[in-house]
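The values are calculated or read from the model by the stated rules, or taken from the named source; none is laboratory data. Worth saying up front: this structure is predicted, and the values here are computed from it rather than measured. Here Cβ is always computed from backbone atoms with ideal geometry, including for glycine, and neighbour counts include all displayed protein chains. Please note that ligands, DNA and RNA were not included when accessible areas were found on the heavy atoms of the full protein model with its side chains. Shrake-Rupley method; radii C 1.70, N 1.55, O 1.52, S 1.80 Å.
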Protein chains: 2
Amino acid sequence: MTHGKRPDLIVHEDEPFNAETNLAALRESSLTATDAFYVRSHGAVPAVDPATWRLRLHGRVERELDLSLTTLREAFPERTETATLQCAGNRRAGLMRIRDIPGEAPWGAGATGTATWTGVALADVLALAGPLDGAEHVGFEGADVSPEAEPPQRFGGSIGLEKARRPEVLLAWAMNGEPLPPVHGAPLRVVVPGYIGARSVKWVDTIEVRERPWEGYFQHVVYRLLPEDGSPGPGAGMPLGLIALNSDVLSPADGATVPAGPLGVRGYAFAGGERHVVRVDVSLDGGGRWAQAELLEDLGPWAWRHWRATVDVPPGEHEIVVRAWDSSAATQPDDEAGLWNPKGYANNARPRIRVHAR
Amino acid sequence: MTHGKRPDLIVHEDEPFNAETNLAALRESSLTATDAFYVRSHGAVPAVDPATWRLRLHGRVERELDLSLTTLREAFPERTETATLQCAGNRRAGLMRIRDIPGEAPWGAGATGTATWTGVALADVLALAGPLDGAEHVGFEGADVSPEAEPPQRFGGSIGLEKARRPEVLLAWAMNGEPLPPVHGAPLRVVVPGYIGARSVKWVDTIEVRERPWEGYFQHVVYRLLPEDGSPGPGAGMPLGLIALNSDVLSPADGATVPAGPLGVRGYAFAGGERHVVRVDVSLDGGGRWAQAELLEDLGPWAWRHWRATVDVPPGEHEIVVRAWDSSAATQPDDEAGLWNPKGYANNARPRIRVHAR
């Protein structure tokens, strides 16, 4: 088993390891099993010795910190949050059907998953350090070196200080109640609920309290939304952060042959930031009439909702379209055509699958 | 001048007074003049004597409060915020072109505006009262009695305690640097930036710290999003609160005849909650190709952005389509067809105007 993962992961790259969860595995439960959870890496899993490992916090603070894992565990209250992580490239394959995106992996709808994360609140560690006037951002740097960055560098990124101070942002050493596996960032990773996965920096060993957003490659050059005719470059486009409302179908599979009659449909829907999913609609006639799906377990404000619906399919070909609504009364864009962007991020179009009923 | 308003307001109802801002007046400035600001009322402007007026705060708190205006002004730090208010019915006219909505006013794109609001932070007043365990919501009740409610009752609504504790939520006595006019809620109104206007309760005199959301008519029956085939009723649909990303065109006017050649287009774009507008695109070919508009003054995190673009229009008929993007990489839905709902709320479709160039 590569990196402790089930063999049914869809592997996009062996080294660095990049693999998404099979939709059938995502469907099993609202909580995603660790051995099925997607992995997005930009460098090899770094060798870290927990005994000598230190977390250093510096920058615009009253007091710099240099902490062992033991101190982190002993000096701060332990917190657990259930949170969905979602790669900014989740569902890129839908954009690539519009127009190819060379050099990027064709992630399907499995570059997302939900786990419980245990560690300490970043807010508590920041409070000990004491951010100074002018502190507006908190940057994270991991131990992994990415050869694909220009120039090659350690992976990193930042979030605003206001978000960093919210209780849901964790420095986590456990996932689903077990020690964090190496491929998911052991001994310590950041978990930023509601934000793109790239901000949940793995193997974090350096935190910098800053006046400005992160200027490293993975925030200043990539993980940015460009207009359709834009070109990636330092500062071009807008930095991604908050995740837009999204959903997809987990079963039946796209293109499946199913028995005519009542058909169960199941999927996920996720709203980032302070929003939550309030409704999911399913249509068999391209969006003319919609039936409401049932929302399944509520795992709290930072987790997706699984949903299910039963539609009646007569014999023949059918397209099933889904749209989620969030607590701001926003819904998803109709289709991918208007969402294509040069790096293929943030596809949140209404999902559509085809089934053949007989 | 009715209620101190300019004669060019578009009046939907005289009593209670309901009027929206002319788009030409909205276009004048990113800050909306008080005498042009829209008014949405559900009852007559109540007669309030500021000398005997009291603000009462009760419910799940350690200490109930009963405060005069003088105490409010003297006991708490004064705060000013620039914030956009937007009625949940803004742009309803676009939904009514799909299918009529009897009993509701056909608000255009002028049921919104941006002002500076001065008063005290609700958070500071709540801190004095001390919310108890179980407190989750903060309700507001105004002095205005609404005969349209079932049963007739004072206007009211609630927001979550977490939002209520954020510094941007005000109890305001001034608007654009002048005393709050009676029609806008004098002597005191709530201002909840990023939320539908209905939560910014005018003439507020009672605040209740609650375990559950407001159960009055204006939150439990109306100001809720229903599915297309739903019927309004207690608890039906989802309560509105956060405002979804929206935009509209302020000039040229829809249907205008304009000179062929370069044409300036100006409008507003607004993202509710913690999101902000990052890009506005303009298309002349129905969304095939988009040009980026220039974002004008940044009035802070709770205000809309005005934007402008220049497009080149050859002689003939043209449709101009606009879409805004927010900091979560979300954009607006294509059109109103999928957004129609029985009460006509939350139309945030991409705006489209037609011009004839010659």
For this session: Give the share of C-alpha pairs in each 10 angstrom bin for segment B:313-358, from 0 to the last occupied bin, in whole percents, shortest bins first.
Result: 24, 37, 28, 11, 0
Problem set entry | Using θ = phi - 60° and Karplus 6.51 cos²θ - 1.76 cosθ + 1.60, couplings along segment A:33-42 (whole Hz; Gly, Pro as x) | 5, 4, 6, 10, 5, 5, 10, 10, 10, 10
Seminar exercise, completed: When the charge dipole of the protein assembly as shown is computed with +1 on Lys and Arg Cβ and -1 on Asp and Glu Cβ about the Cα centre, the Cα farthest towards its positive end, among B:Thr84, B:Ala303, B:Ser283, belongs to B:Ser283
Exercise. Which whole number gives the average, over all residues in A:239-245, of C-beta atoms from other chains lying within 10 Å of the residue C-beta?
Worked result: 5
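Over the Cα atoms of the protein assembly as shown, compute the convex hull volume and normalise it per residue, giving Å³.
162
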Exercise. By Cβ position, which chain B residue lies least far from the axis that rotates chain B onto chain A, and what is the distance to the nearest whole angstrom?
Worked result: B:Asp334, 2
For this session: Could you tell me what fraction of 2.2 N^0.38 Å the Cα radius of gyration of segment A:3-148 comes to, as a two-decimal ratio?
Result: 1.26
Seminar exercise, completed: chain A: Kirkwood hydrodynamic radius (Cα pairs, Å) comes out at 21.0
For this session: Please give the net charge around A:Glu104, taking every other residue with its beta carbon less than 10 angstrom from that of A:Glu104, where Lys and Arg add +1 and Asp and Glu add -1.
Result: +1
For this session: Could you tell me what percent of the accessible area of segment B:11-73 is made up of carbon and sulfur, with a 1.4 Å probe and every protein chain present?
Result: 44
Exercise. Kirkwood Rh, segment B:252-358, all Cα pairs: how many Å?
Worked result: 14.7
Exercise. What is the spread of the Cα atoms of segment B:1-61 along each of their three principal axes, largest first, in whole Å?
Worked result: 46, 26, 23
Exercise. Calculated FRET efficiency, A:Asp100 and B:Glu136, Cβ-Cβ r, R0 60 Å, to nearest 0.05?
Worked result: 0.75
For this session: Grab the Cα-Cα distance for A:Thr257 and A:Thr310, subtract it from 0.36 nm times how many residues apart they are, and report the gain in nm with one decimal.
Result: 17.5 nm
Exercise. With θ set to phi - 60° and the Karplus curve 6.51 cos²θ - 1.76 cosθ + 1.60, what are the ³J(HN,Hα) couplings of segment A:305-313 in order, to the nearest whole Hz, using x for Gly and Pro?
Worked result: 10, 6, 9, 9, 8, 10, 10, 9, 10
Exercise. Sorted from shortest, what are the nm distances separating the label point of A:Ala291 from equivalent points in the other copies, each placed 7 Å from Cα along Cα to C-beta?
Worked result: 4.7
Problem set entry | Inter-label distance for A:Arg6 and B:Arg54, nm, one decimal - labels placed 7 Å from Cα along Cα-to-Cβ | 6.4
Exercise. Per-residue mean of other chain beta-carbon atoms within 10 angstrom of the beta-carbon, peptide A:339-345?
Worked result: 1
Problem set entry | All-pairs Cα distance distribution in segment B:153-312, expressed in whole percent, bin size 5 Å | 2, 8, 13, 15, 15, 14, 12, 10, 7, 3, 1, 0
Seminar exercise, completed: Interface A-B: total buried accessible area (1.4 Å probe, Å², nearest 100) of 2700
For this session: In whole angstrom, note down how far apart the Cα centers of segment B:256-302 and segment A:46-106 are.
Result: 35
Exercise. What net charge is computed for the residues neighbouring B:Asp66, neighbours being all others with C-beta under 9 Å from the C-beta of B:Asp66, Lys and Arg scored +1, Asp and Glu -1?
Worked result: +1
For this session: Please find, in a Gaussian network model of chain A (springs between Cα atoms separated by less than 10 Å), the residue of A:Pro342, A:Pro262, A:Pro333 whose mean-square fluctuation is greatest.
Result: A:Pro262
For this session: Evaluate E = 1/(1 + (r/R0)^6) for B:Arg73 and B:Glu150, where r is the Cβ-Cβ distance and R0 equals 35 Å; express this FRET efficiency to the nearest 0.05.
Result: 0.40
For this session: Could you calculate the FRET efficiency of B:Gln292 with A:Ala127 from 1/(1 + (r/R0)^6), where r is the beta carbon distance between them and R0 is 41 Å, rounded to 0.05?
Result: 0.50
Problem set entry | Candidates A:Pro315, A:Pro213, A:Pro16, ranked by Gaussian network fluctuation over chain A, Cα under 10 Å, top entry | A:Pro315
For this session: Taking every Cα atom in segment A:72-152, find the radius of gyration and the maximum pairwise distance Dmax, and write them in Å.
Result: 18.3, 52
For this session: List the GluC sites (Glu not before Pro) within segment B:45-91 that fall in a DSSP loop (any state other than H, G, I, E or B) and whose Cβ has at most 14 other Cβ atoms within 10 Å.
Result: B:Glu62, B:Glu64
Exercise. Quick one: in segment A:169-215, what % of C-alpha pairs are over 12 Å apart?
Worked result: 63
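What average count of beta carbons from other chains do you get within 10 Å of the Cβ of residues in B:190-197?
Per-residue shielding by partner chains comes out at 1.
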Seminar exercise, completed: Here the Kirkwood hydrodynamic radius of segment B:251-309, Cα-based and in Å, equals 12.9
For this session: Give me the net charge of A:Ser158's neighbourhood, meaning all other residues with Cβ under 14 Å from the Cβ of A:Ser158; Lys, Arg count +1, Asp, Glu -1.
Result: +2
Seminar exercise, completed: Correct semi-axes for segment B:131-243, from √(5λ) of the alpha-carbon gyration tensor and rounded to whole Å with the largest first, are 23, 17, 14
Exercise. What share of the DSSP beta bridges in chain A is antiparallel, in percent to the nearest 5?
Worked result: 90
Exercise. Taking springs between alpha-carbon atoms closer than 10 angstrom, which of B:Asp326, B:Asp35, B:Asp229 fluctuates most in the Gaussian network model of chain B?
Worked result: B:Asp229
For this session: Provide the percentage of antiparallel DSSP beta bridges, counting only those with both residues in the protein assembly as shown; round to the nearest 5.
Result: 90
Problem set entry | A:Glu178 versus A:Thr80: modelled label distance in nm, points set 7 Å from Cα along the beta carbon direction | 1.5
